[in-house]
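Encoded as C-alpha cells, the structure appears first; notes follow it.
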Amino acid sequence: MPDNENEDVIALLHRQHDEIRLLFTELETAEGEQRRDLFRDLVRLLAVHETAEEEVVHPEVRGLQDGEHVVEARIGEEHRAKRLLVTLTEMGPEAEGFDTLLVQLREDVLAHAEHEEKEEFPLLRAAHGPERLRAMAATVRVAEAIAPTRPHPGVESATANLLLGPPIAIMDRARDAIRDALGR
C-alpha cells in the first residue's frame with residue numbers, strides 16, 4: 001500500500017479506480033447481505049470519488065490546453081453514471097433487472113475511468129510538478145471527507161458541488177447513520 005502522504009493525485013485516483021474495479025468484480029458473485037453491503041460501498045466510493053474529481057481535478061484540467069473538451073466529456077459521463085446509479089439504488093440489488101443495469105453501470109464507469117487515465121491524467125502530469133500533484137491529492141482527500149455519499153445527478157460542476165455539496169452531504173451522512181443504526 002502506498003504512503004498516502006507522498007501519493008500524488010494521479011496515483012490516488014488510479015488506486016481508487018482499482019478499488020472500484022474490484023468492487024464490481026466482487027459484486028458479480030456476492031449474494032444477500034454481502035451483495036447489499038458491497039453495492040453500498042460501491043455507491044459511496046463512486047459518489048465521493050466523483051465529487052472530489054469535480055471539485056479539484058476537473059477545474060485544474062479545464063484550464064489546460066485541450067482541457068475544456070476533455071472535462072466536458074468526463075462530466076457528461078459522470079452525469080449518465082449518476083442517473084443510472086440512482087436508478088440502481090432505488091431498485092436495490094435484489095430487484096429484477098438490477099444485474100442488467102449493473103453491467104451497464106460497470107461498462108460506463110470503467111470506460112470513464114479509462115478516459116480519465118488516458119486523457120485527463122496525462123494533462124495533469126505534463127502541467128504540474130510532483131509537489132503540486134501531492135497538494136492536489138491532499139485536497140482530494142479533504143473533498144472526499146465532506147462529500148455526499150450518494151449520487152446527485154445535476155451536481156457535476158465545481159461550483160455546484162461547493163454550494164450544494166455540504167448540505168447534501170449532511171443529509172446523505174445522516175441517512176447513512178440512520179440506516180446503519182437500524183441495521184439496514
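The values are calculated or read from the model by the stated rules, or taken from the named source; none is laboratory data. This structure is a prediction, so every number in the text was calculated from the model and none was measured. Cβ: placed from backbone, ideal geometry, glycine included. Neighbour counts: every protein chain shown. Just so you know, the surface numbers come from the protein's heavy atoms only, side chains and all, with ligands and any DNA or RNA stripped out. Shrake-Rupley method; radii C 1.70, N 1.55, O 1.52, S 1.80 Å.
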Give me the pairs, please: first residue somewhere in the range 80-104 and under 17 Å from D41 (Cβ atoms) and small (G, A, S), second residue anywhere and open to solvent by 50 Å² or more (accessible area, probe 1.4 Å) and part of a helix (DSSP H, G or I), beta-carbon distance under 7 Å, and either six or more positions apart or on two chains.
A81/D108
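Tell me whether the range 2-25 contains one or more residues that are touching a Gly at 6+ places or on another chain (Cβ under 9 Å) and touching a residue at least 24 places away in the same chain (Cβ under 8 Å). First the steps, then the outcome.
Restricting attention to the range 2-25, the residues satisfying the condition of being touching a Gly at 6+ places or on another chain (Cβ under 9 Å) are none.
The answer is no; no qualifying residue exists.
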If you scan the range 8-33, which residues turn out to be of a type in the set (S, T, N, Q) and at pLDDT 95 or above?
Q16, T25
Exactly one of these conditions fails for D41: (1) farther than 20 Å from L101 by Cβ; (2) surrounded by fewer than 18 Cβ atoms within 10 Å (Cβ to Cβ); (3) under 13 Å from the mean Cα position of the chain (by Cα). Give me its number.
(1)
So which residues in the range 20-38 are open to solvent by 60 Å² or more (accessible area, probe 1.4 Å) and either of a type in the set (F, W, Y) or in contact with a Leu (Cβ under 6 Å, 6 or more places away or on another chain) (or both)?
E26
Among the residues of the range 53-74, the number that are buried (at least 16 other Cβ atoms within 10 Å of the Cβ) and within 15 Å of H112 (Cα to Cα) is 7
Exactly one of these conditions fails for L27: (1) in a helix (DSSP H, G or I); (2) among the aliphatic types (A, V, I, L, M); (3) under 22 Å from T139 (Cβ atoms). Give me its number.
(3)
I'd like the residue in the range 80-97 that is under 18 Å from the mean Cα position of the chain (by Cα) and under 17 Å from A30 (Cβ atoms) and, out of all such residues, is surrounded by the most Cβ atoms within 10 Å (Cβ to Cβ).
L88
When both residues are 6+ apart or on different chains and their Cβ atoms are under 8 Å apart, which pairs have a first residue that lies in the range 113-133 and is touching a residue at least 12 places away in the same chain (Cβ under 8 Å) and under 12 Å from I10 (Cβ atoms), and a second that is of a type in the set (K, R) and open to solvent by less than 50 Å² (accessible area, probe 1.4 Å)?
E116/R74; E120/R74
